Amino acid sequence: MTEFEKSTSKSHGRKTLRPSLKPRALMEDEQLANAWTAQVITLFPDAFPGVLGQSLTGKALKDGLWQLDAIDLRPFGIGKHRNVDDTPAGGGAGMVLRADVVSAAIEMAKQRAQAPLPLVYLSPRGKPFTQAMAKGLAAGQGVTLLCGRFEGVDERVLEHYGVVEVSMGDYVLTGGEIAAQALLDASVRLIPGVLGNAESAEEESHSNGLLEHPQYTKPAEWQGRAIPDVLMSGHHGEIAKWRKKMSEALTKLRRPDMWQAFLDNNPSDKP
């Protein structure tokens, strides 16, 4: 079991959301009992829900399958100008988010949460985010995300709260908001009822340790390229075999690291 995996039973209400409402009104004002909860501590609360308010995740937000609470870091700032950062101890470029400011926001988030939630800091030095981590989060009661800015967050607050650092890839963004939306999208879509068809999540890339097989649809022929005959045969057993074979071939070619891990976990599939 990962640090994100928690079993829970959920009962959900329904929210009425109108496009004219500001993002925070979609999140903070209505707390649904036992709904999967995403808290985001950020200097840019108006960035949420963003793309999460569209398509299936947006419908699920409206239907109360999950709820979003963007907590503005600025009001916790120090002094007349609500300063949230200061220069790095020991010198260096940029600014660092203050421990006392971030701590106050975290304490507020803990008070607002209906249950203890894992605390995650989006950081390029964190452990790589995986589909398994998304499943673990989706199986729990929610998550509190801390979005960094500038040169990052005072290390002491990360140590004090036992914050889990998670990276969305080997690159650096200007802040954690885009990474937070990606993490939430990957997790929320796995909440029961969000996708509608549970098989969609079971058959896609990374769900079984392999990359997904190629997909085709109409027209039967395009630019001289035909859909593979096996997919038009109606023979479900042969189709399943073909898809597994294609998944294995793609994984071996494009992600040898994943292929080796798959073989290690599935000795019977070794050639």
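The values are calculated or read from the model by the stated rules, or taken from the named source; none is laboratory data. Quick caveat, the model's predicted, so the values are computed rather than measured. Quick reminder, even Gly has a Cβ in these numbers, built from the backbone with ideal geometry, and neighbours come from all protein chains shown.
Could you please let me know if L137 is crowded, with 20+ Cβ neighbours inside 10 Å and not assigned by TED's automatic domain parsing to the domain that holds G209? Yes: the conditions hold for L137.
Note on region 27-51: residues that are surrounded by fewer than 22 Cβ atoms within 10 Å (Cβ to Cβ), outside any loop (DSSP other than H, G, I, E, B) and in contact (Cβ under 8 Å) with a residue 60 or more places away in the chain total 3.
Within the set V153, V230, the sole residue that is among the aliphatic types (A, V, I, L, M) and either buried (at least 19 other Cβ atoms within 10 Å of the Cβ) or at positive phi (or both) turns out to be V153. If the condition is being among the aliphatic types (A, V, I, L, M) and farther than 17 Å from W66 by Cβ, then region 134-169 contributes L146, V153, V157, L158, V163, V164, V166, M168.
Checking each residue in region 69-123 for being surrounded by 14 or more Cβ atoms within 10 Å (Cβ to Cβ) and assigned to a loop (DSSP other than H, G, I, E, B) picks out L73, G77, V84, P88, M95, R98, A113, Q114, L117, P118.
Specify which of the listed residues (Q67, Q54, Q114) is assigned by TED's automatic domain parsing to the domain that holds A180, within 21 Å of the chain's Cα centre (by Cα), within 28 Å of L190 (Cα to Cα) and at pLDDT below 95. Don't jump to the end; show me each part of the working.
Numbers: Q67 fails: at pLDDT below 95; Q54 fails: at pLDDT below 95.
Answer to the check: Q114.
Go through the residues of region 105-113 one by one and say whether even a single one is under 19 Å from T42 (Cα atoms), touching a Ser or Thr at 6+ places or on another chain (Cβ under 9 Å) and among the β-branched types (V, I, T). Yes - at least one qualifying residue is present in region 105-113.
Can you tell me which of E199, E238 is at pLDDT 95 or above, among the charged types (D, E, K, R) and farther than 21 Å from P128 by Cα? Show your work before the answer.
Working: E199 fails: at pLDDT 95 or above.
After ruling out the rest, the residue left standing is E238.
Exactly one residue out of G193, G209, G175, G162 is surrounded by 16 or more Cβ atoms within 10 Å (Cβ to Cβ) and either touching a Leu at 6+ places or on another chain (Cβ under 7 Å) or assigned by TED's automatic domain parsing to the domain that holds E107 (or both): that is G175.
On the given criteria, is L250 among the aliphatic types (A, V, I, L, M), modelled with pLDDT under 95 and out of contact with any strand residue (DSSP E or B) (no Cβ under 8 Å at 6 or more places or on another chain)? Here the answer is no, as L250 does not meet what is asked.
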